[in-house]
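Asker: Structure provided below as structure tokens; questions to follow.
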Amino acid sequence: MTKKKSYISTILLIFFFAVVALITLLPLILLLVSSFRAGSDLMRYGLNFNIDWANAHIENYKLLFSGQNNYFVWYKNSLVITVVQLILALFLSACVGYGFAMYNFRFKNLLFGCVLLVMMIPTEIIILPLYRLIINMGVMDSMWGIILPYMVVPMLIFFFRQYLSGIPKDFLDAARADGCSEYGIFLKIMMPLMKPSFAAMGIYQGMLSWNNFLWPMIVMRSQNKITLPVGLQSLMSPYGNNYDILIAGSCFAIIPILILFACFQSYFIEGMTAGGVKG
């Protein structure tokens, strides 16, 4: 009887999570279905599943690949900026989090409190000071103007610090006894142990970098240097004459995030759980 109840419970759980997964995927399915509709239909009827498949076409994708717009230039810009920003943010934030977790120094708690304080400040509040700083540094209208403010991320510092607080310091003592330098300890011993946290934060920061809209829109001036979210926004007009390309382009914009999650999903749950409870 107990086995039967357990079996029924398992079936009900599978059914429940299948329904939740379907509800979660509905916006993506709707986006994909709408990408085969004409722009005039999208303006007239909006996004819905009521599509006449007899009149469905792939002209939207042909226009996207025809080179009549800068879509793939924007795509390349976003990829380059996201990859560079992600690598720098993960490495530098891990270094800072490692310092907070493994070393004792003056004003350590005060400095970590400042990190927590910065986490609570919305980016929009510091847009103006950041804008003036980027102008003074002479990196306006360049990818470094977008990357530099996000090279060290408070959220990542907090997560890495929490994760590393759960790793015994015996690893450090043993490495020092073997003559390993402090840099060697971090690069050769600690970083391999941090793979789950890198995977979890890689997905988190990768999504933020790829979807970043406000700051790239402020920094970039040249049409051939803007990122994909800003470029897609520029396709919108009151007359809706580019909505067909916008929808098709949005479908392709999801691909890098799906690839990122597929590559790191095996570590994602482990990293998020460990980073959330350690310390």
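Asker: Rg/Rh for the chain to two decimals, with Rh computed the Kirkwood way over all alpha-carbon pairs.
Answerer: On the way: Rg = 23.5 Å, Rh = 22.1 Å.
For the chain, the value is 1.06.
Asker: Same structure again: Would you calculate the convex hull of the Cα atoms in the range 108-198 and tell me its volume per residue in Å³?
Answerer: Here the figure is 148 Å³ per residue.
Asker: Still on this structure, please answer the following. Please list Cys263, Cys114 from largest to smallest accessible area, probe radius 1.4 Å, with all protein chains kept in place.
Answerer: The ordering from most to least exposed comes out as Cys263, Cys114.
Asker: In nanometres, what is the gap between the two model label sites at Gln265 and Leu193, each 7 Å from Cα along Cα-to-Cβ?
Answerer: About 3.0 nm, to one decimal.
Asker: Restricting to Cα pairs below 8 Å that are 6+ residues apart, what does the relative contact order work out to for the range 16-154? Please round to a whole percent.
Answerer: The normalised contact order for the range 16-154 reaches 25 percent.
Asker: I've got another one for you. What part of the accessible area of the chain, given as a whole %, is carbon or sulfur when the probe is 1.4 angstrom?
Answerer: Numbers: 11330 of 16490 Å².
In the chain, the share of accessible area belonging to carbon and sulfur is 69 percent.
Asker: Full extension from Ser6 to Asp170: what is 0.36 nm times the residue separation minus their Cα-Cα distance, to one decimal in nm?
Answerer: Difference between extended and current length: 54.7 nm.
Asker: I would also like to ask the following. If you count only protein heavy atoms with a 1.4 Å probe, what accessible area per residue comes out for the chain, rounded to a whole Å²?
Answerer: I get 59 Å² per residue for this part.
Asker: Continuing with this model, one more query. Can you give me the distance in nm between label points at Tyr183 and Leu116, each placed 7 Å from the Cα along the Cα-to-Cβ direction?
Answerer: In this crude spin-label approximation the distance works out to 3.3 nm.
Asker: Write down the Kirkwood hydrodynamic radius of the range 196-264, to one decimal in angstroms, obtained as one divided by the mean of 1/r over all alpha carbon pairs. Can you show the working numbers first?
Answerer: Values: mean 1/r = 0.0742 Å⁻¹.
Radius from the Kirkwood sum: 13.5 Å.
Asker: If you wrap a convex hull around the C-alpha atoms of the range 109-258 and split its volume per residue, what is the figure in Å³?
Answerer: 163
Asker: Simple spin-label model, 7 Å along Cα-to-Cβ: Thr123 to Leu47 in nm?
Answerer: Going by the 7 Å Cα→Cβ label model, 2.1 nm.
Asker: Mean shadow of the range 1-136, computed from the convex hull of its alpha carbons, in nm²?
Answerer: 18.4
Asker: Count charges around Asp178 for me, please; just the other residues with Cβ under 14 Å from its Cβ, Lys/Arg as +1, Asp/Glu as -1.
Answerer: Net charge around Asp178: -1.
The values are calculated or read from the model by the stated rules, or taken from the named source; none is laboratory data. These figures come from a predicted structure and were not determined experimentally. Heads up, the Cβs are rebuilt from the backbone with ideal geometry, glycines too, and the neighbour counts pull from every protein chain shown. The accessibility values were calculated without ligands, DNA or RNA, using every heavy atom of the protein model including side chains. Shrake-Rupley method; radii C 1.70, N 1.55, O 1.52, S 1.80 Å.
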